[in-house]
Structures are given as C-alpha cells and as structure tokens.
Amino acid sequence: MGIVLNRFNERQITPIKDVMLFEKIFPTNGIIQGCALTHLGGNQVSIAAGTGIIQGRDFTITAETLLVQLASAGTMPGRIYIRYNLSDTVTPAQILSVCAT
C-alpha cells in the first residue's frame, strides 16, 4: 500500500515520528508552561513543575529544590539550564546550574 496512517488503531508510534511532527508544530525550543524559579536562600533554588520542548522532544520537570553553585567571591551572574544529550542513554536531559562571567 502506498500510504499508511501512523496514528490509528493498534499502531505504535516511534519517538522519531513524534519528533518529526513536533519539530514542525513547535519550531522553537523552550518552556511551554510552569518551571518558575524561586530563590529559597543560600544556594537553594526551587523549580516548579512544568513542561517544555527541545528539538521536537518534549520533557516534564517535577517540582524540586536545586543546589546551585555560588560565586567564590563577590557576585557573578548565574543561570539554570537544561543539558540535552541523546548520546547519554542514562540521563539524556539534566537540569544544571553555572556561575560564571
């Protein structure tokens, strides 16, 4: 047959098929909803539950408290980011922080 319905009764969708579709629907990467950050004091930051998308792959963040790196002296800008690495089969997505100029 020259055509097959991918999303139909008793069909299984592979992640790559979803990625191809999501990349067209969501051409930009980022947070879809939630994931608000709150400074708790010291080196603790709370991240709220939420969802987002990176290169056609959606992710879910559960609410948690992160321990972030602080400047060794004075003040420095910092950021919290998502590291995305599909070659890492154990943890392909991670929430990380950095404190640097």
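The values are calculated or read from the model by the stated rules, or taken from the named source; none is laboratory data. Every value quoted in this text rests on a predicted model; they were computed, and no experiment measured them. Neighbour counts are summed over all protein chains in view; Cβ atoms, including those assigned to glycine, are modelled from backbone coordinates with ideal geometry. Each accessible area value is taken on the protein alone, full model and side chains, heavy atoms only, with ligands, DNA and RNA left out. Shrake-Rupley method; radii C 1.70, N 1.55, O 1.52, S 1.80 Å.
For volume of the Cα convex hull per residue in Å³, the choices are [x] 153; [y] 113; [z] 140; which was calculated from the structure?
[x]
How much of the accessible area of the chain, probe 1.4 Å, is carbon plus sulfur, in whole percent?
Here it works out to 56 percent.
Given the options 31, 54, 13, state which has the largest fluctuation in a GNM of the chain using a 10 Å cut-off (strictly under) for Cα springs.
Per the Cα network of the chain with a 10 Å cutoff, 13 tops the list.
Quick one: what are the phi-derived ³J(HN,Hα) couplings along region 70-78, Karplus 6.51/-1.76/1.60 with θ = phi - 60°, whole Hz, x for glycine and proline?
10, 5, 5, 8, x, 10, 9, x, x
Keeping all protein chains in place, calculate the accessible area per residue for the chain (probe 1.4 angstrom), answer in Å².
On a per-residue basis, 76 Å².
Would any residue of region 63-88 have its amide N under 15 Å from a label point 7 Å out along Cα→Cβ of residue 49? List them or say none.
Flagged as within label range: 63-65.
Which is the longest run of the chain containing none of the trypsin sites (Lys or Arg not before Pro) found in DSSP loop states (not H, G, I, E, B) with at most 12 other C-beta atoms within 10 Å?
Answer - 12-101.
Considering only protein heavy atoms, what is the solvent-accessible area of residue 14 at a probe of 1.4 Å, reported in Å² to the nearest 10?
My reading of the accessible area for residue 14 is about 70 Å².
Across region 36-52, in residue order, what do the Karplus-derived ³J(HN,Hα) couplings come to in whole Hz, using 6.51 cos²θ - 1.76 cosθ + 1.60 with θ = phi - 60° and x for Gly and Pro?
My calculation for region 36-52 gives 5, 9, 9, 6, 9, x, x, 9, 9, 10, 9, 10, 7, 4, x, 9, x Hz in order.
Using the alpha-carbon atoms, what tilt in degrees (0 to 90, nearest 10) does helix 15-25 show relative to the longest principal axis of the chain?
Between helix and principal axis, roughly 80 degrees.
List the residues, sorted by chain then number, that are 5 or more residues from residue 66 or on another chain and whose placed amide H is less than 5 Å from its amide H.
Sorted by chain and number, the residues that satisfy this are 45, 46, 47.
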